[in-house]
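Report on the structure given below.
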Amino acid sequence: MEITGEVGNFKIKIKEHPRYVDMDKCIACGECATKCPKKVTDSYNAGTGKRKAIYVKYPQAVPLKYQIDAENCIWLKKPGRCGACAKVCPADAIDFDAVEKIHEIDAGSVILSPGTGTFDPSDTGVYGYGEYPNVITAMQLERYLSASGPTEGHLVRPSDGKPVRKVAFLQCVGSRDKNLCGNEYCSSVCCMYAIKEAVIAKDHDPGLEASIFYMDMRTHGKEFDEYYQRARNESDVRFIRCRVNGVEPEGKDGDLRLHYVNEQGQQIEDYFDLVVLSVGLETTKQAMELAKRSGIRLTSNNFAAVSDFAPVSTSKEGVFTCGAFSGPKDIPQSVVEGSAAAAAAAKVLAPSRHQLARKKTFPEERDILAEDLRIGVFVCHCGSNIAGYVDVEAVADYSATLPGVVHVERNLFTCSQDTQDLMIKIIQENRLNRVVVAACTPRTHEQLFHETIRAAGLNEYLFEMANIRNQNSWVHTGDKTAATQKASDLTRMAVAKVTWQGPLENVVVPITRRALVIGGGISGMAAALNLANQGFPVDLIEKSKVLGGNGLHLHNTWSGENIPLRAARMVDQIMWHDLITVHKDTLVTAAEGYVGNFKSTIKSGNGSEQNIDHGVTVITTGANRLMPDEYGYRQHKNVVSALEFDKLYEIKDKHVRKGKSFVFIQCVGSRDSNHNYCSKVCCTHSVQAAIELKEEDSSRRIYILYRDMRTYGQRETLYKKARELGVVFINYELHGKPKVTKVDDILDVEVWDHVLHRPLLIHADMVILATAIIPPAGVKQLAQLYKVPLDGQGFFQEAHAKLRPVDFATDGLFVAGMAHFPKPVEESIAQALAASARAATLLSRDEMTLDGIKAEVDPECCDGCALCVDVCPYHAITLMERTGDDGQNHKLISINKAHCKGCGLCQGTCPKRGVSVAGFSLKQLESQVEAALAV
Amino acid sequence: MQKNKLVGSVLVVGGGITGMQSALDLANAGYYVYLVERSGAIGGAMAQLDKTFPTNDCSM
């Protein structure tokens, strides 16, 4: 890759390596790989299995097209010697003469998301990796546990294939370890993945014993601590805080002996039959090369350098980054940053929106209502996936005898591009007005066929799929007769259902291209600024009389950027922005509407009310600090919270200035029965403060009493620096909390020392409490107004923890910052940008199209009993009154089609046939059931 | 910067979970996206995982 030009107008040269398989021709039948004689270690399976030199990366790969691994292909190494694949390929797709291509691309901006690699323990042979077969990496275990992996999900010992009885996870291999690999940082994700793998391994085999050897359990994300506790208490995973000294073979069968010093200081030897190395994340050589070619700066840890206030912007203008390339991070945060980078790129390119994007066009729809039934059935072979286990010819012949069917076709792959063209031709030539595809699952392929029949001039809903693969050929591999019968049955049912299918109209919803952002802290300001910079008007609501939120009270970010200064700059930009209207001292008092069409009522402190129409809502209401009632807080003057300490430090208060001994107590109110979660930022915050105190006066005695030190990611360098400066870290457990008492003017802190195994008494001039972060008052009311859920801890609950981290399940509503969970500035800003990007996908258009599968009311049958109102998970149904022909008022329900997702709960609940989902009418379902029973 | 100089397209390098999310959000907001992936298929590291926390959903 080569990149020239500048922001807004880059020119990029990209080299495309040849696949040696023609993507247009390949039908992914797999014949080539069956015949290919060359076996290669499979990197997708992390080296646990073999693949062929011609392969698809994994069975669900997109695109599902084969490729030849040039380094291992016999023909490509020595033309003429093999060529087995070319001989068997039914599609003539093999092209040994393919050459690399250079593409020249014009792009307004560039996003680098090369991801991360994992530390390779084979170079160092750490813990016997590479020497003892039963020492594997976590990624290898992941593949062993996977149904698509080398053992189909059975956890066996690589040495002899025997079931694993005892597994040990060793944490921090290739992380937090300068000596081994130079990686001083924490990889952030390994504690969680080790717990997950241990739990899943035990799910597979409840008799399995799993132990995790760790230094600090870093489960700092949303719901992570609860998962950790469940693993410990319900799944019986054993957690041992220690670094294992060594792994040695025990006997000749592959058993492994581990020796370590336990928390009581005893030397222990234990035996395991599988040792899993929780390998850390590190930037790949290729990604470093990419950084070099793109001209962006890397940190000393080889991650892309970014600012905490612009977490997806690289050192080069117009070049953005996201995911683990800019520091180790988990899936949710990576997805957040993916959206955030889109927002950052869109900010630059907003004037050119819709300049190059193309819209598909379709011919006008044929009116089929007056036509006789003309059904076409397409039976798919799916290569040998279906045809190998089902007599597809018999199914096709049978289909031709079904009522209404006028045309039947068999296809090797019904989903291939050439078949789509063929289908269009057949539909038009035979004037088909309903189409059935007997193939795989509608979940992956219905959309494709909808587009195909639209292109043939049919309403897209005149379509039905019969799943004769996932629900048939894949599960009845041993009985071809029965599988063929079942395929015929499924096809008959689909034909019966589509017979009663009429054209449906998609629902078009207009969009008010305006955003409401609730909460004017750092997240709210970041979201508002990005949306406004993309050209969308924003109303920014703030409860208090000033913008800035917690940003006004904080000190520095972990990397040392001054927060109040940057927050003030954001406030300035907001106040001067033409497209942002700020409403301070204001609350939302009422809200109604749905995606694209919200109407909120806001009320300011002076009592004036105002209605705002907006298309999207972004909730950034932040969080508060807990006021503790332990450790003598508010009783003893020199017991202060972390934020109070920051202020005292800033104004050079004499107690701080003259103080010689400081004790920081972590997890005050966090990770206990009241607030069962980690507040995420406090470890780093205390470490930063400790470093400053120590740098100011190295003779000061500073103690940090902690439960697990959670300086995740590159923050680990701060932890290391603090230790090097002589800050003393003492671990305590929840059942042995420190005790603070005041004797004369001195605070006495008593804590159990786990290294010395005896209580320790510290005389402290000041005790600083790292207090928990809690949801602010009033979020419950706000959640009710917009009908969005809160989680068990009172933070807003996103639609999906991994894949939709800033969306709510209800369309058009988004969440960012500490309203979602405690988090540091850069993660809040990334979420705010992500929420903005997600909102912009709606605001960038005048209207949005929703599918036509919606509930419909039959006013003749509905008597307004309202049973359906309660079961509807989308709040789409309301009870109305209308005047009937008899002049009387009747109750009946009304469906908001923008809210309705067509789930059918209403239809299942209704005792009177008063509501049904289009495309799943009772007539259709009855016909389908009758067809099922018709033999 | 001149408006007519701006090119309404974005190059996304890397087709893992992050790059795919960027590409989708940009395309849905009206920008043309080039998604470039080193290997033969998109999906990245997440496609290698068996299940994910907290629901133990299949990663695929």
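The values are calculated or read from the model by the stated rules, or taken from the named source; none is laboratory data. Everything quoted here is computed from the prediction, not taken from an experiment. Cβ sites come from the backbone with ideal geometry, for glycine too, and all protein chains shown count toward neighbours.
Within region A:876-908, track down each residue that is touching an Asp or Glu at 6+ places or on another chain (Cβ under 8 Å) and surrounded by fewer than 17 Cβ atoms within 10 Å (Cβ to Cβ).
A:ASN889, A:HIS890, A:LYS891
Where in region A:597-639 are the strands (runs of 3 or more DSSP E), entirely inside, with at least 1 residues that are out of contact with any Lys or Arg (no Cβ under 7 Å at 6 or more places or on another chain), surrounded by fewer than 18 Cβ atoms within 10 Å (Cβ to Cβ) and among the charged types (D, E, K, R)?
Answer list for region A:597-639: A:597-604.
Which one of these is outside any loop (DSSP other than H, G, I, E, B), more than 27 Å from B:GLY43 (Cβ to Cβ), touching a residue at least 12 places away in the same chain (Cβ under 8 Å) and within 9 Å of chain B (Cβ to nearest Cβ): A:VAL377, A:VAL348?
Every option except A:VAL348 fails the conditions.
Looking at (1) out of contact with any Asp or Glu (no Cβ under 9 Å at 6 or more places or on another chain); (2) modelled with pLDDT of 95 or more; (3) within 7 Å of chain B (Cβ to nearest Cβ), which one does A:ALA341 not meet, given that it meets all the others?
(1)
Restricting to region A:77-96, name every residue that is outside any loop (DSSP other than H, G, I, E, B) and not small (Gly, Ala, Ser).
Residues satisfying the conditions are A:LYS77, A:CYS85, A:LYS87, A:VAL88, A:ILE94.
Residues checked against (1) surrounded by 19 or more Cβ atoms within 10 Å (Cβ to Cβ); (2) free of Cβ contacts under 8 Å to residues at least 24 places away in the same chain; (3) touching a His at 6+ places or on another chain (Cβ under 9 Å):
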{"residue": "A:ALA46", "(1), (2), (3)": "yes, no, no"}
{"residue": "A:ARG51", "(1), (2), (3)": "yes, yes, no"}
{"residue": "A:TYR66", "(1), (2), (3)": "yes, no, no"}
{"residue": "A:LYS78", "(1), (2), (3)": "no, yes, no"}
{"residue": "A:ILE102", "(1), (2), (3)": "no, no, no"}
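Report yes if some residue within region A:153-167 is in contact with a Leu (Cβ under 7 Å, 6 or more places away or on another chain) and farther than 22 Å from A:ARG238 by Cα; otherwise report no.
Yes, region A:153-167 contains a residue that is in contact with a Leu (Cβ under 7 Å, 6 or more places away or on another chain) and farther than 22 Å from A:ARG238 by Cα.
Restricting the first residue to region A:722-751 and requiring it to be not assigned by TED's automatic domain parsing to the domain that holds A:ARG671, which pairs with a second residue that is part of a loop (DSSP other than H, G, I, E, B) and basic (Lys, Arg) meet a Cβ separation below 7 Å and a spacing of at least six or different chains?
none
Kindly state which strands (runs of 3 or more DSSP E) lie completely within region A:819-935 and contain at least 2 residues that are in contact with a strand residue (DSSP E or B) (Cβ under 6 Å, 6 or more places away or on another chain) and of a type in the set (Val, Ile, Thr).
A:877-883, A:889-895, A:915-917
Name the single residue, out of those in region A:819-831 being away from chain B (no Cβ under 14 Å) and out of contact with any Phe, Trp or Tyr (no Cβ under 8 Å at 6 or more places or on another chain), that is farthest from A:THR711 (Cα to Cα). Spell out the reasoning first.
Narrowing region A:819-831 to residues away from chain B (no Cβ under 14 Å): A:819-820, A:822-829.
Of the ones still in play, those that are also out of contact with any Phe, Trp or Tyr (no Cβ under 8 Å at 6 or more places or on another chain) are A:823, A:827-828.
Details: A:LYS823: 13, A:GLU827: 14, A:SER828: 17 Å.
Among them, the one singled out is A:SER828.
Checking A:ILE27 against (1) away from every other protein chain (no Cβ under 11 Å); (2) of a type in the set (A, V, I, L, M, F, W, C); (3) without any contact (Cβ under 8 Å) to a residue 60 or more places away in the chain, only one condition comes out false. Which one?
A:ILE27 satisfies all of (1) away from every other protein chain (no Cβ under 11 Å); (2) of a type in the set (A, V, I, L, M, F, W, C); (3) without any contact (Cβ under 8 Å) to a residue 60 or more places away in the chain except (3).
Determine if region A:136-151 includes at least one residue that is at pLDDT below 95, over 25 Å from the mean Cα position of the chain (by Cα) and crowded, with 18+ Cβ neighbours inside 10 Å.
yes
Quick test for you: out of A:SER699, A:SER686, pick the one residue that is in the same structural domain as A:VAL727 (by TED's automatic domain parsing), assigned to a loop (DSSP other than H, G, I, E, B) and polar (S, T, N, Q).
Sole residue among the options that is in the same structural domain as A:VAL727 (by TED's automatic domain parsing), assigned to a loop (DSSP other than H, G, I, E, B) and polar (S, T, N, Q): A:SER699.
So which residues in region A:271-292 are surrounded by 18 or more Cβ atoms within 10 Å (Cβ to Cβ), over 30 Å from A:CYS322 (Cα atoms) and out of contact with any Ser or Thr (no Cβ under 8 Å at 6 or more places or on another chain)?
A:ASP273, A:LEU274, A:VAL275
Is it fair to say A:THR849 is touching a helix residue (DSSP H, G or I) at 6+ places or on another chain (Cβ under 9 Å), within 14 Å of another protein chain (Cβ to nearest Cβ) and surrounded by fewer than 23 Cβ atoms within 10 Å (Cβ to Cβ)?
Working: touching a helix residue (DSSP H, G or I) at 6+ places or on another chain (Cβ under 9 Å): no; within 14 Å of another protein chain (Cβ to nearest Cβ): yes; surrounded by fewer than 23 Cβ atoms within 10 Å (Cβ to Cβ): yes.
No; evaluated as a whole, the condition is false for this residue.
Just name the residue that is nearest to A:PHE821 (Cα to Cα) out of those in region A:209-252 that are among the charged types (D, E, K, R), surrounded by 17 or more Cβ atoms within 10 Å (Cβ to Cβ) and within 14 Å of chain B (Cβ to nearest Cβ).
Across region A:209-252, the extreme among qualifying residues is A:LYS222.
Being β-branched (Val, Ile, Thr) and farther than 22 Å from A:LEU281 by Cα is the filter; apply it to region B:7-35 and report the residue that is farthest from the other protein chains (Cβ to nearest Cβ).
B:VAL33
Please state which one of A:LEU648, A:LEU643, A:LEU705, A:LEU693 is free of Cβ contacts under 8 Å to residues at least 12 places away in the same chain and not assigned by TED's automatic domain parsing to the domain that holds A:HIS555. Before the answer, list the steps.
Working: A:LEU643 fails: free of Cβ contacts under 8 Å to residues at least 12 places away in the same chain; A:LEU705 fails: free of Cβ contacts under 8 Å to residues at least 12 places away in the same chain; A:LEU693 fails: free of Cβ contacts under 8 Å to residues at least 12 places away in the same chain.
Just a single option satisfies the conditions, and that option is A:LEU648.
Go through region A:546-587 and give me each residue that's touching a residue at least 40 places away in the same chain (Cβ under 8 Å), among the aliphatic types (A, V, I, L, M), under 15 Å from A:ALA532 (Cα atoms) and assigned to a helix (DSSP H, G or I).
A:MET570, A:VAL571, A:ILE574
Select from region A:769-792 the residues that are touching a helix residue (DSSP H, G or I) at 6+ places or on another chain (Cβ under 9 Å) and closer than 18 Å to A:GLU223 by Cα and write down the one among them that is surrounded by the fewest Cβ atoms within 10 Å (Cβ to Cβ).
A:GLY792
Let's see how each residue does on (1) crowded, with 24+ Cβ neighbours inside 10 Å; (2) over 32 Å from the mean Cα position of the chain (by Cα):
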position	(1), (2)
A:VAL437	yes, yes
A:LEU448	no, no
A:LEU458	yes, yes
A:ARG469	no, no
A:THR491	yes, yes
A:ALA494	yes, yes
A:GLU505	no, yes
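Please determine, by comparing only the residues of region A:97-116 that are assigned to a loop (DSSP other than H, G, I, E, B) and in contact with a Phe, Trp or Tyr (Cβ under 6 Å, 6 or more places away or on another chain), which one is farthest from the other protein chains (Cβ to nearest Cβ).
A:ALA98
Of the numbered conditions (1) more than 9 Å from chain B (Cβ to nearest Cβ); (2) touching a residue at least 40 places away in the same chain (Cβ under 8 Å), A:MET288 satisfies every one except a single condition; which is it?
Unmet for A:MET288, out of (1) more than 9 Å from chain B (Cβ to nearest Cβ); (2) touching a residue at least 40 places away in the same chain (Cβ under 8 Å): (2).
Which one is farthest from A:LYS652 (Cα to Cα) among residues in region A:681-716 that are under 26 Å from the mean Cα position of the chain (by Cα) and of a type in the set (D, E, K, R)?
A:ASP708
Go through (1) buried (at least 18 other Cβ atoms within 10 Å of the Cβ); (2) hydroxyl-bearing (Ser, Thr, Tyr); (3) without any contact (Cβ under 8 Å) to a residue 40 or more places away in the chain for A:SER698 and report which single condition fails.
If we test A:SER698 against (1) buried (at least 18 other Cβ atoms within 10 Å of the Cβ); (2) hydroxyl-bearing (Ser, Thr, Tyr); (3) without any contact (Cβ under 8 Å) to a residue 40 or more places away in the chain, just (1) comes out false.
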